[in-house]
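**Student:** Quick one: this structure, given as C-alpha cells, is what I'll be asking you about.
The values are calculated or read from the model by the stated rules, or taken from the named source; none is laboratory data. Given the structure is predicted, the values throughout are model-derived calculations rather than measurements. Cβ placement follows ideal geometry from the backbone for every residue including glycine, while neighbour counts extend to all protein chains displayed.
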Amino acid sequence: MASLPTYQSIHDAYLAQVKHKSDRLMNYFLVSFFIAGLLLALFYDTWLVAIGVGSLSLLAYYSVRAILPHSNVYQYVVSAVLSIFMAQFIYQMHGLFEMHFIAFIGSAILVTYQNWKLQIPLAAVVIVHHAMFGYLQFIGYDKIYFTQLDYMTLQTFLIHGFLATVIFFICGLWAFQLKKLNELQIEQTFEMGRYQEEQLQKKALLQSNEDLKKSNRELDSFVYSVSHDLRAPLSSMLGVVGICETGVLDPFMMKNISFLKSSIKKLDGFIIDILDYSRNARLEVDRQEIHFTDLLTELSNNLKFMGINDQRKVDIRTTVQNGVAFYSDKSRINIILNNLISNGIRYQNPQVPDPFVEIIVNVSESAANILVKDNGIGIDQGNKEKVFNMFYRVSNNSIGSGLGLYIVKEAVDKLNGVLELRSEIGKGTEFIIQLPNLTS
Ligand code: ADP
C-alpha cells in the first residue's frame, strides 16, 4: 500500500505551488509595467527614464531570481521594484501625484505570496521617495517632478504617510491571514486524508481477517475430512489384523502380523499428530472450565492399554489438587497431556521393574502447575533442547513421528504458559508446565 504523504510534504508542495503561481503573476505585472513606461515615454518623451530605470529594475529582479531561485530574496526585490516603477511613472508624468496608486496595486498583488513581510521594502521605498522628493520640491529644487500639487507641507506628508501605511498594513494582514487560513486547510486536508487512509486500512484488515478465517475454516474441514478418510481404512486394517491374530498362525506369520499391526498404529499416530499440529497452529485459544480429574481419568483410560509390541503396562498415577476453578483451552490441554503421558508410556526403561507415569496437577487462582513424571529411559543433556524441534527423534528407530513435543511446546506457547524439561539418562523424565488461569 502506498504510504501516506506527511503533513510537511503536503505543506511544502503547497508552498511550491504558491511560489510558482505568484512568480508567474509577477512576470505579467513587471512586463506590463515596463511596457507602460514605454507608452508613457511616447507621450512625455522620457525614454531614458523608461528604458533606463525600467530595464535596471527588471535586471535586478530577474538576476536575483536566477542566482537565488530557492531563496525568497527575489520576492523582496520585486517588492522594492514595484515601488520604483511607481516613482518612475510619477517622474515620467511630470509629477502626476495620482500615480502613487501604482504602489497600492503593487501592495495588493504582493498578497499572492502570502508573506506580510514583503510589504516592508515597498512601504520603505514609498516613504523614502515621498519624503526625499517631496522635501526637495518643497525647498524649491525645480529639477525634480514629485507632485503637481502646489503645496507639500509636513501635514500633507503625514496624512499621505498614514493612509499609505494603512493600505500596506491591510495588505500585509491579508497576506498573513491567507497564509494561516491555507495552513489550516492543509492541516484539515491532511487529517482527512489520514482518517480516510486509516478507514481503508481498517477495512482491508477486516477483510483479510475474514478471508483468513474463511480459509482457516476451509482448511480445518479439509484436514478433518482427509484425516478421517485416511484413518477409516486404517481402522479396517486393524480390524482385519485383529481377526488374523485370533487364527492359528505359524510363528513367521505371527511376527509379520504383529509388525503390520505396529506399522498401522504408527501411521495412525502420525495422522493424529499432524491433525493436532494443524489445529494448534490455526485455531484461536478457546476458554472453558477444565476439570482435571475427569480429563485425566479419560486420558489414562484411553492410554492404559497402549503398548507397543511387547512393552509392559505402565502404572498411570494422577493427583489433582484444585481448590479453585481453572479456565483454559481444553483441547490444547488435552493434546499436551496426551502427548506427554503417551511418551512416558512409550519411552519406558526395560531395566526398571515397575514403569510408571505420574501426573500431579496443582491449581491456583493464577495458574495450573502440571508435572508429568516418568521413570523411563530419560533424555540426555545434548538432546534436551532438540527434542522440541519439529520431527526430531532421538534415535532413528524411534516409535513416533517426532512431532509430539513440538506440538506440546507450541500449545503451551499459545496458552502463554511455561514449559521446563528435567531429565537424566536412565533416571526418568519430568515435564513441568505452568499455564495461566484464564479466569476472565
Ligand atoms: P515422538 O513422536 O518421536 O515421540 P516427540 O516429539 O514426542 O516425538 O519426542 C521426541 C523425542 O524425544 C523422542 O523421539 C524421544 O526420543 C524423546 N522423548 C520424548 N519424551 C520422552 C520421555 N518421556 N522419555 C524419554 N525420551 C523421550
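**Student:** Would you be able to tell me the number of residues in the range 162-217 that are charged (D, E, K, R), over 27 Å from L110 (Cα atoms) and surrounded by 11 or more Cβ atoms within 10 Å (Cβ to Cβ)?
**Tutor:** So the answer is 6.
**Student:** If I ask for residues that are within 27 Å of T297 (Cα to Cα) and under 40 Å from the mean Cα position of the chain (by Cα), which ones from the range 364-386 would you list?
**Tutor:** S364, E365, S366, A367, A368, N369, I370
**Student:** So, one more: Has the range 36-57 got at least one residue that is among the aromatic types (F, W, Y), buried (at least 17 other Cβ atoms within 10 Å of the Cβ) and modelled with pLDDT of 95 or more?
**Tutor:** no
**Student:** Give all pairs with beta carbons closer than 6 Å in which a residue from the range 215-227 that is assigned by TED's automatic domain parsing to the domain that holds I274 meets a residue that is surrounded by 13 or more Cβ atoms within 10 Å (Cβ to Cβ) and assigned to a helix (DSSP H, G or I); count only pairs at least 6 apart in sequence or on separate chains.
**Tutor:** Pairs that qualify, where the first residue is assigned by TED's automatic domain parsing to the domain that holds I274 and the partner is surrounded by 13 or more Cβ atoms within 10 Å (Cβ to Cβ) and assigned to a helix (DSSP H, G or I), are N216/R282; V223/S278; S227/I271; S227/L275.
**Student:** With M86, M26 as the choices, which residue is over 30 Å from Q185 (Cβ atoms) and either buried (at least 19 other Cβ atoms within 10 Å of the Cβ) or of a type in the set (A, V, I, L, M) (or both)?
**Tutor:** M86
**Student:** Moving on. Being surrounded by fewer than 15 Cβ atoms within 10 Å (Cβ to Cβ), within 60 Å of the chain's Cα centre (by Cα) and part of a helix (DSSP H, G or I) narrows it down to one residue among A66, A80, A60; which is it?
**Tutor:** Of the residues listed, the single one that is surrounded by fewer than 15 Cβ atoms within 10 Å (Cβ to Cβ), within 60 Å of the chain's Cα centre (by Cα) and part of a helix (DSSP H, G or I) is A66.
**Student:** Anything in the range 403-424 that is in a loop (DSSP other than H, G, I, E, B) and within 9 Å of the ligand (Cβ to nearest atom)? List them, or say none.
**Tutor:** L403
**Student:** Follow-up question, since we're still on this one. Hey, could you check the range 338-392 for residues that are of a type in the set (D, E) and near the ligand (Cβ under 10 Å from one of its atoms) and say which is surrounded by the fewest Cβ atoms within 10 Å (Cβ to Cβ)?
**Tutor:** Step by step, filter the range 338-392, then rank; the result is D380.
**Student:** If you take the residues in the range 403-421 that are over 13 Å from L340 (Cα atoms) and not acidic (D, E), which one is surrounded by the fewest Cβ atoms within 10 Å (Cβ to Cβ)?
**Tutor:** Within the range 403-421, the match that is surrounded by the fewest Cβ atoms within 10 Å (Cβ to Cβ) is N416.
**Student:** Would you be able to tell me the number of residues in the range 425-440 that are within 12 Å of the ligand (Cβ to nearest atom), of a type in the set (V, I, T) and part of a loop (DSSP other than H, G, I, E, B)?
**Tutor:** Counting residues in the range 425-440 that are within 12 Å of the ligand (Cβ to nearest atom), of a type in the set (V, I, T) and part of a loop (DSSP other than H, G, I, E, B) gives 1.
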